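Values in this text are rule-based calculations from the coordinates and carry no lab data. Everything numeric in this text was worked out from a predicted model, so none of it was measured. Don't worry about glycine lacking a Cβ; one is built from the backbone with ideal geometry, like all the others, and counts go over all protein chains shown.
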């Protein structure tokens, strides 16, 4: 049984942006079999090695979603801001990593930290120039600004780096570990390890330091914390920069695992939102568990039902959850 | 009885300046294809009329506080229904587009049932999800829809001037209907819900009911626009569901002016003109990384324009026009009144 992968049709001029058809399963199967030019993928039968592969692959993707969703959650929790352009920071992070690697010749895993810093700076600029001015007004305005930012970032990236797919080559490119019959790339495991380290550092920052306490206070009651002597403007800047830095790290890890182009940002954003809605708004453990489960569920759906169902299944789950509980699976009932 | 009403309405409306602006705009739209006679310009003008309907339908939904991010789903449903009816059953497209609108409104009503309880950003996510699901379903049932490769749609009217006048006629009717909905009690309820949902619930507005009405009406017009769009392009493919098509009416309404009647019209004129005429200068621009920079620069400019409009002109370009109008016409009258007193 074979399954055709949609090729991209030539779109009318105003349809250039949001090229959403990045077929992850396609890339996965290409990587496993090493056939980069074949245009049909065979339908995979589920056996034990496929199962292990699916879970590990899902966990590696899930880790990237976790970083993105945590950053979004942080920004939403503290600033009550809905940033639909968060995935664009992931894309910019991947390109920052690419630029740092080509300019300085550093290792990809050191580039993760450099890219975090650079993306945080971009995040500060974005917050000061755009979101600061519409914050607290109407919720729809934030969505409109985010859409404008998506257009801006996508096209700046195309103009600066071109629209061809790029990859970040890691030193462990061809290494893999055999788990039963499934071979697992070392890079996936390192990515998972990186995400764990970054999340532990983040939890330490939020739970144990004074800055984290100020952030938690701002997220609970902004005005009261202002009265307690917290400069919430600075907290907003710091939170947005932190969220952007997490997206930057996610971007470089994404670039190590997959090829990337300027249009990769859109779909991860939507998925990160789905994860946040599933895991509960403002809850970081919810985002972590939700992200991992989502990554694995998505891969399972793609392998059992076929790759064109990947996105639709994800959204169906999201819609069913929202119909049953409009405030999210673990969210608090408000109003 | 009824004719008396109409006569009195005409007498009343001739007193207001809005009526004259409306009449001027319509007569302008009827005359302009005689001035810009080349076929590209007439195509562009037709596209403007179609996108005016589409953007107005989005705007109606947004004025009840529901910003949809997946309106392309309804555009596509309307287009596919009308095109498939003409292909399989031979129903003439002029009836088919209205059937497409009704089918789209039915689906919109069902989707609205799930959406009325959601907050702004959840709603955006869910509607976006529905457009992705619609795209997947249409490609899955390709035997029935012929969506993946697309097919040639039946002609609605001969292309060129006849199609343009038909599109302008339908657009005028749609805008008139939307105008009367927004002026009626229902429109008042929409605006109240937009401003504060819990307070409007407290006054006794059935918010869920009115939000559903907004959904059904808006999706009807979106489906109608989809039918016109499909018969105008003379082909339809699953590509009609792209997120770009969902964001197009949003940008048009926001740039023109959210929650106003004239906003989507102005926005669609600006955006369609940018999309159609600016590519002419592409060949003078340099080639970077082996790509033509024209389309990307245009989208970049559009993004910057959108952000600037949202930040500095929250009521859109139409608010600028209103200010100019007030500056030139109303202020002098007011000043005269003050002098008389």
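Numbers at a glance
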{"item": "Ranking of A:127, A:233 by count of other Cβ atoms within 10 Å, fewest first", "result": "A:233, A:127"}
{"item": "Stokes-Einstein translational diffusion, region B:21-67 - Kirkwood Rh over all Cα pairs, 0.692 mPa s, 37 °C, in µm²/s", "result": "268 µm²/s"}
{"item": "The protein assembly as shown: C-alpha pair distances exceeding 45 Å, %", "result": "22 percent"}
{"item": "Ranked list, fewest to most other Cβ atoms within 10 Å of each Cβ, for A:325, A:132, B:298", "result": "A:325, A:132, B:298"}
{"item": "Gyration tensor verdict on chain B (Cα atoms; rounded if a/c is under 1.5, prolate if a/b is larger than b/c, oblate otherwise)", "result": "rounded"}
{"item": "Other protein chain Cβ atoms within 10 Å, averaged over every residue that makes up A:229-236", "result": "0"}
{"item": "Euclidean distance between Cα centres, region B:192-262 to region B:130-181, Å", "result": "15 Å"}
{"item": "Relative packing of A:113-125, A:139-151, B:241-253, which averages over residues the other C-beta atoms within 10 Å, highest first", "result": "B:241-253, A:139-151, A:113-125"}
{"item": "Neighbouring partner chain Cβ atoms per residue of B:272-281, average, 10 Å criterion", "result": "1"}
{"item": "Estimated FRET transfer efficiency (residue B:148, residue A:213; beta-carbon r; R0 60 Å; 0.05)", "result": "0.65"}
{"item": "Helix-only CD estimate at 222 nm, as mean residue ellipticity for the protein assembly as shown, using -39500 (n - 2.57) per DSSP H run (n ≥ 4)", "result": "-23500 deg cm²/dmol"}
{"item": "Cβ neighbours within 10 Å from other chains - mean over B:239-245", "result": "6"}
{"item": "Ranked list, fewest to most other Cβ atoms within 10 Å of each Cβ, for B:180, A:263, A:65", "result": "B:180, A:263, A:65"}
